[in-house]
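Enquirer: Pasting in a structure now, in structure tokens, and then I'll have a few things to ask.
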Amino acid sequence: MQLETNLTGAEVHRGQIWKRFKKQRVLHLFVGLGMIFLVIFSYTPMFGILMAFKDYSISDGIKGIFTSDWVGFRYFDEFVHDYQFGKIVRNTLVLCFLKVIFAFPAPIVLAILLNEVKSMPFKRFVQTISYLPHFISWVVVVGVSYAFLSADMGLVNKALLQAGFIDQPLNILTSPNYFWGLAVGSAVWKEMGWWTIIFLAAITGINPSLYEAAEIDGAGRLARIRHITLPGMKGTIVVVLVLTIGSILGGGLVGSNFEQAYLLGNSINNPTSEIVQTYAFKVGLSDGRFSYASAIDLIQSVISVILIFSSNFIAKRVSGSSLF
Amino acid sequence: MLKSQKQKDLVMDSIVYLLLSIIALTMLYPFYYVLIASFNKGSDTLLGGMYLWPRSVTFENYRIFLEDPKWMKAFLVTVARTVSGTALGLLLTSLVAYALSHRDLLFSKFYFTLIIFAMYFSGGLIPYYVVLRSLGLLNSFGVYIVPSMLNTFFLLIAISFFREIPGELKESAHMDGAGEFVIYFRIILPVSMPLLATMALFMGVGQWNSWLDSAYFVQSENLRTLTFRMMEIINQSNAPMDSVAVANRPGGGVTSFSLQVTSMVVSILPIICVYPFLQKYFVHGIMLGSVKG
């Protein structure tokens, strides 16, 4: 008896769903159009990950992803034993580490400084200028760094030579010693102002009466920054840090590691500028070793996913705020 | 007591203003220097010592630039991809977002899972290349446009924007017998100008600046973008002797460095022109879609 009513209930329900679907069919058509793009340009490449475990050759086309022979972990093994492996992994990690240390706090500092400004026109002026580099391509940023730092025509070298501070131009762009500083510096220059928007928004959300109360209690401006502004930004800082760490291998929020390393890298600074992504690009698209490059790519993606989930987990534990 | 507090404030204010002025100058001066270098005789710029204004004013750099068919072609390709890529991206992204903004849409949980997953995971460059290749998109203008037509980041922002639009607007149109397509074009899009402007400007800037796809997926010289050409000339002048070689060209004093800064000005200028409009919208746009503390 009960089973029967349940069945009819489900039937009625199914009929309703079909009715609703028919009513919404145009909307589903719209969504379907979008899903086609998603499946082609996001999901099909995900199946391409199989390539890393197969002996894929580009002449096999897309079907080859499924039909070519399995080789197991051969390409992963090959990468680990690659003579450049140590150098590449070190460079990738050092670059990420330096960016978290230097490029991540920069917008926080800028937001706090801007918050201390009472003159609105000045504040707006500085903000407007600080966003600007975000909208300029990395190619232009690299062009600017050539104009300023290159040994033969760079403004900085010319000025230092003329002032007599140095006898020989500094090979900032073509020396392994300077690359890390150059990469972090240009990332800060390009993205600092942009991320300040979010931190300023967090400061705006702080209750003004907290500042008034602190002032009555005799707290100076530095004390107010330390005890009100910074704690008020905590949630936002944590979330942005999680995002940064999660996407740090790609360069993430503090600028693209790949574009920097690819554009600023050259044969001379290669010992410090070659990172996993540029190496995968070179062996993949330039040398045509698709399976090997996919394996390298995959290692990087897996580490990224682990990083974003673990940093999110830690953030949840430590501060209670998290991304998801 | 009160006086020392005031003095402390004055010191603090001075430090804040000084630091911010230095930061602003560091951000602004590189653009200014590139501008004056583009109006200065190339061979003269190489001597150094030019800081505040062009020393030997010339339009020769721009003349060489404009007369070179390579640069003109790259400029036109970039304009074409920016206009069509932005228009199509705007159209598809907002259309899909409109459908997904219906709270009673069946299977919406499934659709959203697909979208969110695609934002976090990707197959990487190599499989992506294989997909483009099998679609016949390699070495075609379509590779600039088609893959970027659905922008997942803006999709989510647009959905939350459309959900803020009062439901009565749509309902009354429904009563009058308007279909979804008519509602989307006649009602939703016109009231969504702030959103559309934000999306258009970001997609436009993205298209304008893009060089990776030109470098990876295109071999044809006719399809090169401005930013790609710029990268080429920057890489060339990395070799120090090159600037001398170009300087010997008839036309006088134009170096590869001066061409480089000229191309940079040409590439930055359109962005500076839309910047005032951009700025009005993007702060709000970023807040809309991003982290809440």
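Enquirer: For region B:178-196, how many residues meet the condition of being over 23 Å from the mean Cα position of the chain (by Cα), more than 14 Å from every other protein chain (Cβ to nearest Cβ) and open to solvent by 50 Å² or more (accessible area, probe 1.4 Å)?
Expert: 3
Enquirer: Take the residues of region B:97-116 that are among the small types (Gly, Ala, Ser) and part of a helix (DSSP H, G or I): which is nearest to the other protein chains (Cβ to nearest Cβ)?
Expert: B:99
Enquirer: Tell me, which residue of region A:98-110 that is part of a helix (DSSP H, G or I) and open to solvent by less than 30 Å² (accessible area, probe 1.4 Å) is nearest to the other protein chains (Cβ to nearest Cβ)?
Expert: A:110
Enquirer: Could I ask something else about it? Going through A:176, A:169 one at a time, which residue ends up being part of a loop (DSSP other than H, G, I, E, B) and touching a Pro at 6+ places or on another chain (Cβ under 6 Å)?
Expert: Working: A:169 fails: touching a Pro at 6+ places or on another chain (Cβ under 6 Å).
Exactly one residue qualifies, and that residue is A:176.
Enquirer: Now, a different point. Quick one: how many residues across region A:297-323 are farther than 14 Å from residue B:122 by Cβ and within 9 Å of chain B (Cβ to nearest Cβ)?
Expert: Number satisfying all stated conditions: 2.
Enquirer: Related question: Would you pick out the residues in region A:111-125 that are of a type in the set (S, T, N, Q) and assigned to a helix (DSSP H, G or I)?
Expert: Result: A:115, single match.
Enquirer: I would also like to ask the following. Among the residues of region A:283-318, which ones are under 22 Å from residue B:120 (Cβ atoms) and among the polar types (S, T, N, Q)?
Expert: A:294, A:300, A:301, A:304, A:310, A:311, A:312
Enquirer: Here is a follow-up. Could you grab me the full set of residues in region A:280-300 that are touching a residue at least 40 places away in the same chain (Cβ under 8 Å) and open to solvent by 10 Å² or more (accessible area, probe 1.4 Å)?
Expert: A:288, A:290, A:297, A:298, A:299, A:300
Enquirer: Same structure, new question: What pairs can you find where one residue is in region A:302-315 and farther than 23 Å from residue A:49 by Cα, the other is open to solvent by 40 Å² or more (accessible area, probe 1.4 Å), and their Cβ atoms are less than 8 Å apart, with a gap of 6+ or different chains?
Expert: A:311/A:241; A:311/A:245; A:312/A:323; A:312/A:324; A:315/A:241; A:315/A:323
Enquirer: Next up: Please state which one of B:150, B:137 is assigned to a loop (DSSP other than H, G, I, E, B), within 15 Å of residue B:91 (Cα to Cα), within 13 Å of another protein chain (Cβ to nearest Cβ) and modelled with pLDDT of 90 or more.
Expert: B:150 is the lone residue from the list that is assigned to a loop (DSSP other than H, G, I, E, B), within 15 Å of residue B:91 (Cα to Cα), within 13 Å of another protein chain (Cβ to nearest Cβ) and modelled with pLDDT of 90 or more.
Enquirer: In region B:63-96, what count of residues is obtained for those that are open to solvent by 40 Å² or more (accessible area, probe 1.4 Å), assigned to a helix (DSSP H, G or I) and closer than 24 Å to residue B:43 by Cβ?
Expert: Result for region B:63-96: 4.
Enquirer: If the Cβ limit is 8 Å and pairs must be 6+ apart or interchain, which residue in region A:204-216 that is modelled with pLDDT under 90 pairs with which residue that is hydroxyl-bearing (Ser, Thr, Tyr)?
Expert: Sorted first by the residue in region A:204-216, then by its partner, the pairs are A:206/A:229.
Enquirer: Still on this model: Could you look through region A:142-169, keep only residues that are of a type in the set (Ser, Thr, Tyr) and more than 7 Å from chain B (Cβ to nearest Cβ), and pick out the one that is surrounded by the fewest Cβ atoms within 10 Å (Cβ to Cβ)?
Expert: A:145
Enquirer: Ok, one more. Kindly provide the set of residues from region B:197-227 that are outside any helix (DSSP H, G or I) and open to solvent by 20 Å² or more (accessible area, probe 1.4 Å), ordered by number.
Expert: If the condition is that a residue be outside any helix (DSSP H, G or I) and open to solvent by 20 Å² or more (accessible area, probe 1.4 Å), then B:210, B:219, B:220, B:224 are the ones that fit.
Enquirer: Exactly one of these conditions fails for residue A:277: (1) open to solvent by 30 Å² or more (accessible area, probe 1.4 Å); (2) at pLDDT below 85; (3) within 11 Å of chain B (Cβ to nearest Cβ). Give me its number.
Expert: Among (1) open to solvent by 30 Å² or more (accessible area, probe 1.4 Å); (2) at pLDDT below 85; (3) within 11 Å of chain B (Cβ to nearest Cβ), the lone unmet condition for residue A:277 is (2).
Residue-wise test of (1) surrounded by fewer than 19 Cβ atoms within 10 Å (Cβ to Cβ); (2) aliphatic (A, V, I, L, M); (3) touching a helix residue (DSSP H, G or I) at 6+ places or on another chain (Cβ under 7 Å).
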site	(1), (2), (3)
A:172	no, yes, yes
A:176	yes, no, yes
A:182	no, yes, yes
A:188	no, yes, yes
A:206	yes, yes, yes
A:214	yes, yes, yes
A:224	yes, no, yes
A:237	no, yes, yes
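Enquirer: While we're looking at this one, here's another question. In region A:227-238, is there at least one residue being more than 10 Å from every other protein chain (Cβ to nearest Cβ) and either touching a Ser or Thr at 6+ places or on another chain (Cβ under 6 Å) or among the basic types (Lys, Arg) (or both)? Explain how you work it out, then say what you get.
Expert: Kept after step one, since they are more than 10 Å from every other protein chain (Cβ to nearest Cβ), are these residues of region A:227-238: A:227-231.
Now drop any that are not either touching a Ser or Thr at 6+ places or on another chain (Cβ under 6 Å) or among the basic types (Lys, Arg) (or both), which leaves none.
No, every residue in region A:227-238 fails to be more than 10 Å from every other protein chain (Cβ to nearest Cβ) and either touching a Ser or Thr at 6+ places or on another chain (Cβ under 6 Å) or among the basic types (Lys, Arg) (or both).
Enquirer: Still on this model: Inspect region B:228-246 for any residue being over 30 Å from residue B:153 (Cβ atoms), modelled with pLDDT of 85 or more and open to solvent by less than 30 Å² (accessible area, probe 1.4 Å) and give the result as yes or no. Break it down stepwise before answering.
Expert: Step one: filter region B:228-246 for residues over 30 Å from residue B:153 (Cβ atoms), giving B:233, B:235-246.
Checking the rest, the ones that are also modelled with pLDDT of 85 or more come to B:233.
Those still in the list that are open to solvent by less than 30 Å² (accessible area, probe 1.4 Å) too: B:233.
Yes, because at least one residue in region B:228-246 is over 30 Å from residue B:153 (Cβ atoms), modelled with pLDDT of 85 or more and open to solvent by less than 30 Å² (accessible area, probe 1.4 Å).
Yes/no matrix, rows are residues, columns are (1) open to solvent by 70 Å² or more (accessible area, probe 1.4 Å); (2) closer than 30 Å to residue A:118 by Cα; (3) at pLDDT 90 or above; (4) in contact with a Gly (Cβ under 8 Å, 6 or more places away or on another chain):
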{"residue": "B:4", "(1), (2), (3), (4)": "no, yes, no, no"}
{"residue": "B:7", "(1), (2), (3), (4)": "yes, yes, no, no"}
{"residue": "B:10", "(1), (2), (3), (4)": "yes, yes, no, no"}
{"residue": "B:16", "(1), (2), (3), (4)": "no, yes, yes, no"}
{"residue": "B:21", "(1), (2), (3), (4)": "no, yes, yes, no"}
{"residue": "B:31", "(1), (2), (3), (4)": "no, yes, yes, no"}
{"residue": "B:37", "(1), (2), (3), (4)": "no, no, yes, no"}
{"residue": "B:45", "(1), (2), (3), (4)": "no, no, no, no"}
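Enquirer: Another question, then. Can you work out which of the residues in region B:97-120 that are crowded, with 16+ Cβ neighbours inside 10 Å and within 26 Å of the chain's Cα centre (by Cα) is nearest to residue A:295 (Cα to Cα)? Lay out the reasoning, then the answer.
Expert: Of region B:97-120, the ones crowded, with 16+ Cβ neighbours inside 10 Å are B:97-102, B:105-106, B:108, B:111, B:114-115, B:118.
Filter once more, keeping what is within 26 Å of the chain's Cα centre (by Cα): B:97-98, B:115, B:118.
Details: B:97: 35, B:98: 38, B:115: 25, B:118: 20 Å.
The residue in question is B:118.
Enquirer: Which residues, counting only those in region A:111-141, are among the β-branched types (Val, Ile, Thr), closer than 27 Å to residue B:40 by Cβ and more than 7 Å from chain B (Cβ to nearest Cβ)?
Expert: A:141
Enquirer: Right, another one. Return the pair list, or none, for Cβ contacts closer than 6 Å from residues in region B:1-30 that are more than 9 Å from every other protein chain (Cβ to nearest Cβ) and more than 18 Å from residue A:122 (Cβ to Cβ) to residues that are part of a helix (DSSP H, G or I) and small (Gly, Ala, Ser), at least 6 apart or on different chains.
Expert: Short answer, once both residue conditions are applied: none.
The values are calculated or read from the model by the stated rules, or taken from the named source; none is laboratory data. Here the structure is a predicted model, which is why all the values come from computation and not from measurement. No Cβ is skipped: glycine too gets one built from the backbone with ideal geometry, and neighbour counts run over all protein chains shown. We work out accessible area using only protein heavy atoms, side chains counted, and drop any ligands, DNA or RNA first. Shrake-Rupley method; radii C 1.70, N 1.55, O 1.52, S 1.80 Å.
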